[in-house]
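The structure under discussion appears below in the form of structure tokens.
The values are calculated or read from the model by the stated rules, or taken from the named source; none is laboratory data. Small disclaimer: the values here were computed from a predicted structure and weren't measured. Every residue, glycine among them, receives a Cβ derived from its backbone with ideal geometry; neighbour counts consider all protein chains shown. These area figures cover heavy atoms from the full protein model, side chains too; ligands, DNA and RNA do not enter into them. Shrake-Rupley method; radii C 1.70, N 1.55, O 1.52, S 1.80 Å.
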Amino acid sequence: MNVIACETCGLVQQLANLPPRHYAQCARCDSILQRHRPNSRARTAALAFAALCLYVPANIYPIMVMEYMGRHTENTVWGGVKALYKDHMWYVAAIIFAASILVPLLKLLGLFFLVVNRGQRWQKTRTWIYKAICQIGPWAMLDVFLLSVLVALVRFGRFATVIPGPGIIAFASVVVLTILASSSFDPRLIWKEKNS
């Protein structure tokens with residue numbers, strides 16, 4: 001039997017170990033207390049690896065191609081950071097670099113560390129990394145950046161020709177796969193494992 005507190009209403013309850021494909025609800029507010037996630041490690045590793053494979057094309061290939069008055073430009077995430085830096089907007093360039101390039105990469109590498117290292121020796125380190133991933137998750141603004149690109153495609157339609165570049169599919173895939181990888185990891189695995 002496990003003792004767990006509901007994150008919504010705070011009621012402390014006893015739970016038995018859950019069988020596969022089941023979840024436990026709070027007796028007071030019906031919030032989900034615990035969910036059994038079968039194959040959590042393998043699923044997280046597969047999704048994080050797929051996101052990491054698409055991470056390079058998402059940052060190298062153009063996100064959008066714009067033609068305005070005969071001028072042709074291809075815009076990448078890294079190219080946007082460099083252009084902001086050259087225009088002396090160092091703080092904005094640093095924020096975009098951190099939110100769109102550095103944080104997602106650190107998040108993916110952290111997820112790999114969580115699924116690769118096992119045993120009691122790594123439990124405290126893995127717990128710290130899991131907490132760090134939960135904290136930096138909202139700062140990984142890939143989804144916001146993707147939305148801003150889509151808004152640009154709609155708003156510039158009258159003045160310029162804006163075409164989604166080949167990197168937009170990889171970029172959108174990285175967003176979705178990173179979210180799925182983060183949500184599929186079961187943090188209880190960290191403390192249930194014995195030395196391997």
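Quick notes on this structure:
- Area accessible to solvent at C29, 1.4 Å probe radius, in Å²: 50 Å²
- Per-residue SASA entry for K192, accessible area with 1.4 Å probe, Å² rounded to 10: 130 Å²
- The residues of region 1-120 expose, per residue, 63 Å² of accessible area to a 1.4 Å probe.
- Gyration tensor verdict on region 41-132 (Cα atoms; rounded if a/c is under 1.5, prolate if a/b is larger than b/c, oblate otherwise): oblate
- Descending by average beta-carbon neighbour count within 10 Å, the peptides 125-131, 84-90, 61-67 line up as 61-67, 125-131, 84-90, the highest first.
- Each residue was assigned an accessible area with a 1.4 Å probe, and for S183 the value is about 70 Å².
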